[in-house]
Structure formats: C-alpha cells, structure tokens
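Heads up, the thing below is written out as structure tokens.
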Amino acid sequence: MEPILLLAHTEEDGTLAKSALEALAVALSLGGPLTVGLVGQDVQPAANQVASSGARILAISGAAYAAPRYATDAAAAEALACAAGAALILAPHTSRWARALPGVASRLVGRIDTHATRLAVQNDVPAVTRWYYRQRMEAVLTRSERPWIVLLEVGQASPPVLPQSPNAAAIEFLAPPNHATRTTVQDIQAPQSGQQTIRPDAKLLFVAGAGWTKKQADGAVHAAEAEELILGFLGSANASLGGSKSLVDLSGEGQSVLPFMTHLNQVGQTGSTPRHPKGLSTCCHGEEPHVVGWRFITERRAINLDPNCGWARGKADVVYVGDAFQVVREILKELGARS
C-alpha cells in the first residue's frame, strides 16, 4: 500500500474533532505507512490522541493557524504534504479543508476528490465511493495520478479506540512556511448555544416541512406556536434541525416563516446527506429529493395527516398519521415529565 498522509486541524482546545478521528480510522484500515499532519495553534493535545496509532506525526503550529484562512491553511497543507512525501492524502471533509485543499492539489500537480463516502482497498488499489446527481447515482473510482487528495465525509467509520500514553507524544515540527496573506482574522461570530440548531453529532435529525407555516384546522396560521414547539423539541431531545426546500424558500415568497430556519438547515435538493442514526420528518410530503437527502439516515419516521403522503409509500420505516402540532405537544409533555 502507498504511503498515506492524514491532514487534521485542531479545535479550539487543541484536540481533534470526531470527524478527524473517523478519518484516522479510515487511514489505519488501508494498511499503508501512515503520517499524521497536524495544523493548529497548539497541536500537542491532538498529537497525544493519535500517538498510540503508531503513525509519524508532523505538525505546523502557531497563532496564525488558530483560525481558518485559505492562505495559511493551504501553505501549511502543502508543506506537510511535501515533507511526508505521501501518494495518498486524506482529510476530513470539514469546511476548512474543503476550502483550502483543492488549491493544494493544484500546487502539488495532483488530483482531489471530495465528499467521499467510502475509501477502501480493492485489488491492492485505493478506491473511493461517492454519490453524483444529488445522491441518485453511486460511483466507485480510482485514480492513477499522484498525489491524490481525498476528503472523507463523516459517519463512514467509528473513531478508533486508542490507549492514552502518559507521556507527551513526539512531534516533528516544521517551520511555518512563507505565505502571502492579505486576510486578518479579527473576530469569530457564532450563534449562542441556545440558537444552535445544526448539531452534526446529534442522534436525531428533526426535519420540519412547510406544513408548519400553513393554515391549520381552525383556519389560522400558528407560526409562533410552531416556533415554540420545534425549538422546545430540539432543546429537550438535543436534536438537530433540518428543513425541506419548500419551507426554507418561503422567506422569498412573503409568507409566514420560521426565523431560525435558514438554507443551511435544508435537507434534499442541495446535495446534503445527513448521517444521524434516526430521523423524524414532520409536515413534509416526502418528495423524492427530500428522501434522497436522507439516504444515510438509519431509521426514518414521519408525522403527516395524509396517510397517502410520499413518506407512506415505502420511504419511511414508520409513519404516524396525525397532526404534528398535537403530536409534538404531547411529546414535549412526556419529555418534561421524564426530566
């Protein structure tokens, strides 16, 4: 097997995120000599996490690499790739690497594939599995060009269970590369914890459809109550929020909208493929693009008043025929009683 380089950037506390550890598990499964390249302000905690994997650890650290920035990230990744001399370069498909590594592939005169849902060795050759045409077609491909950069989607492997060493891991630090940058990171603006609705590690994905903003049985729109119920459910169940295209598009049509719902929450028709263990769809009619976006959801359930909706036609494991307002209201009562 060819030499492998795993690129990983650290989190604010210096450790590696779950997506990076999953990518490490994929890299270890390939069986080739492995080098881990770390980028961040303080990389020692991350190095300690992967020390027992037996991989060589390279790192570029410093205050300039604390925040995502194309110029610094691309220069660091290029330097690590050159130092490792690896033919296959893996990285978790985070927004930080997705922005920087395509340019690195060009600098290295290599190739890159993104959104890989599986990477395995077939006939002694690494092969990538990915989806095309909005997740309707699956392809398995190999490349002869090297270096080959592959961005790995989350959820395809469990993080490896590695024993923690009592001693600090040995790191080969590289000198920060020269890079021309005109960008200065001044501040990071993030939503408050109570406003966070996208939780990639949540066990449940709660998807809201346009029915939440339509007229109800009494002939009135209850957008305020819908907001209260949905946010209450997300908080009580620690779930992640998704939205159908019809719902997130309502803001441009002058109709009642849910203020916390954005296109970042959209599932289906965007190429987004959430990978939560369970999914609950509410007030959605189950159109095919929406269902395709749920391809990697293990258990699918839906709430809809229409027993003949798209979800009931073999696209969901369980369909609850009922009013979503009433069902979620009763669920919140049950969750409140348990807590």
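The values are calculated or read from the model by the stated rules, or taken from the named source; none is laboratory data. As the structure is a prediction and not an experimental result, all values here were calculated from the model. When we count neighbours, we look across all protein chains shown, and the Cβ atoms used for this are built from the backbone with ideal geometry, even at glycine.
With (1) β-branched (Val, Ile, Thr); (2) touching a strand residue (DSSP E or B) at 6+ places or on another chain (Cβ under 7 Å); (3) surrounded by fewer than 17 Cβ atoms within 10 Å (Cβ to Cβ) as the list, and Ile112 as the residue in question, which single condition is left unmet?
With (1) β-branched (Val, Ile, Thr); (2) touching a strand residue (DSSP E or B) at 6+ places or on another chain (Cβ under 7 Å); (3) surrounded by fewer than 17 Cβ atoms within 10 Å (Cβ to Cβ) applied to Ile112, the lone miss is (3).
Is there a residue being under 19 Å from the mean Cα position of the chain (by Cα), surrounded by fewer than 20 Cβ atoms within 10 Å (Cβ to Cβ) and of a type outside the set (A, V, I, L, M, F, W, C) anywhere in the range 26-38?
The first filter runs over the range 26-38 and keeps only residues under 19 Å from the mean Cα position of the chain (by Cα), leaving 26-27.
Filter again for surrounded by fewer than 20 Cβ atoms within 10 Å (Cβ to Cβ), leaving none.
No, that holds for no residue.
Looking at Ser19, Ser61, Ser53, Ser29, can you tell me which residue is touching an Asp or Glu at 6+ places or on another chain (Cβ under 8 Å), hydroxyl-bearing (Ser, Thr, Tyr) and not assigned by TED's automatic domain parsing to the domain that holds Ala202? Before the answer, list the steps.
Working: Ser19 fails: touching an Asp or Glu at 6+ places or on another chain (Cβ under 8 Å); Ser53 fails: touching an Asp or Glu at 6+ places or on another chain (Cβ under 8 Å); Ser29 fails: touching an Asp or Glu at 6+ places or on another chain (Cβ under 8 Å).
Exactly one residue qualifies, and that residue is Ser61.
Would you call Glu78 touching a Lys or Arg at 6+ places or on another chain (Cβ under 7 Å) and in a helix (DSSP H, G or I)? Step through it out loud before you land on a result.
Values: touching a Lys or Arg at 6+ places or on another chain (Cβ under 7 Å): yes; in a helix (DSSP H, G or I): yes.
So Glu78 passes the test.
Per-residue answers, yes or no, for (1) in a loop (DSSP other than H, G, I, E, B); (2) under 30 Å from His290 (Cα atoms); (3) polar (S, T, N, Q); (4) not assigned by TED's automatic domain parsing to the domain that holds Gly232:
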site: Pro126; (1), (2), (3), (4): no, no, no, yes
site: Arg130; (1), (2), (3), (4): no, yes, no, yes
site: Val140; (1), (2), (3), (4): no, yes, no, yes
site: Arg146; (1), (2), (3), (4): yes, no, no, yes
site: Gln156; (1), (2), (3), (4): yes, yes, yes, yes
site: Pro160; (1), (2), (3), (4): yes, no, no, yes
site: Ala180; (1), (2), (3), (4): yes, no, no, yes
site: Pro200; (1), (2), (3), (4): yes, yes, no, no
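Among (1) in contact (Cβ under 8 Å) with a residue 60 or more places away in the chain; (2) touching a strand residue (DSSP E or B) at 6+ places or on another chain (Cβ under 9 Å); (3) more than 17 Å from Ile112 (Cβ to Cβ), there is one condition Met137 misses while meeting the rest; what is its number?
(1)
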